[in-house]
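What follows draws every value from the coordinates through simple rules; no lab data is involved. If you're wondering where the values come from, they're calculated on a predicted model, not measured in any experiment. Neighbour counts run over all protein chains shown; Cβ positions are idealised from the backbone, glycine included.
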């Protein structure tokens with residue numbers, strides 16, 4: 001569970017790279033722009049933990065740091081306008097997640113550092129040139145991999161060994177083909193269910209039922225986060241084992257908040273000498289995403 005620890009490391013490094021101390025005067029208060037692709041309600045626990053972690057570093061929102069939140073509510077079409085708002089506010093750094101959000105932020109500014117918190121393969125998608133030296137104004141943390149999708153499928157087959165037809169619910173295209181192939185190698189029959197908007201889920205659920213889906217594998221992403229209540233309700237009503245990308249689908253994860261509160265103390269280790277263009281993009285050894293089954 002290293003996601004929030006890494007976020008604070010990057011944010012603190014970037015703030016210090018701007019030579020803005022925690023005890024800065026009002027005129028020099030650093031301003032962080034948080035571009036949240038999901039809804040406000042889904043992001044709320046993370047925002048609370050984020051603020052607590054900053055307090056552990058000595059940054060108090062409204063006193064010596066300003067945080068501008070913008071929520072897309074799972075609607076990708078809102079991202080360009082939200083990025084434009086943050087740029088107009090002259091934020092010192094933009095923190096975001098998902099390939100689409102990072103790409104839009106990167107395409108909108110080449111001077112404001114863009115820090116991604118949890119995306120798939122930033123090199124393959126062209127967001128950065130390499131993990132070791134991202135280049136440009138983009139850096140951050142990547143946590144997903146094809147291997148993780150395979151592990152989820154393996155766990156799902158252990159929880160529900162009689163399952164054959166698995167509905168793979170997704171909205172993007174990262175590692176989808178690989179997951180479909182992995183499912184087949186495990187002897188499963190994948191049913192690909194792609195959603196583009198929250199209102200698509202009624203149709204997707206109907207398609208899942210008509211195709212005899214016996215379990216669900218839910219891909220991570222802001223759209224899935226926004227529709228998590230509908231997804232969980234569908235799985236429960238139809239008694240489908242379901243593998244989710246985060247424990248927040250079935251309840252808040254207390255370890256995330258605890259990790260966030262304690263993360264800031266480690267940030268002092270890298271207080272000096274960091275620039276966004278040279279800051280290595282990390283691929284942690286363990287995933288922050290918790291896979292759990294229900295049904």
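Could you tell me the center-to-center distance, by alpha carbons, between region 215-243 and region 66-97 in angstrom?
27 Å
Suppose R0 equals 35 Å; then what is the FRET efficiency for residue 129 and residue 238 from their Cβ-Cβ distance, rounded to the nearest 0.05? Don't jump to the answer; show the numbers that get you there.
Numbers: r = 45 Å, r/R0 = 1.28.
Once the sixth-power term is evaluated, E becomes 0.20.
Pop a pseudo-label 7 angstrom from the Cα along the beta-carbon direction at both residue 155 and residue 40 and give the gap in nm to one decimal.
For residue 155 paired with residue 40, the spin-label model returns 3.2 nm.
Extending each Cα 7 Å along its Cβ direction at residue 88 and residue 210, get the distance between those two points in nm, one decimal.
4.4 nm
What nm distance separates the two modelled labels at residue 199 and residue 109, each placed 7 Å from Cα along Cα→Cβ?
In this crude label model, residue 199 to residue 109 measures out at 3.3 nm.
For residue 47 and residue 178, compute 0.36 nm times the residue count separating them, minus their Cα-Cα distance, and round to one decimal in nm. Working shown, then result.
Details: separation 131, 0.36 × 131 = 47.16 nm, distance 3.24 nm.
Answer, rounded to one decimal: 43.9 nm.
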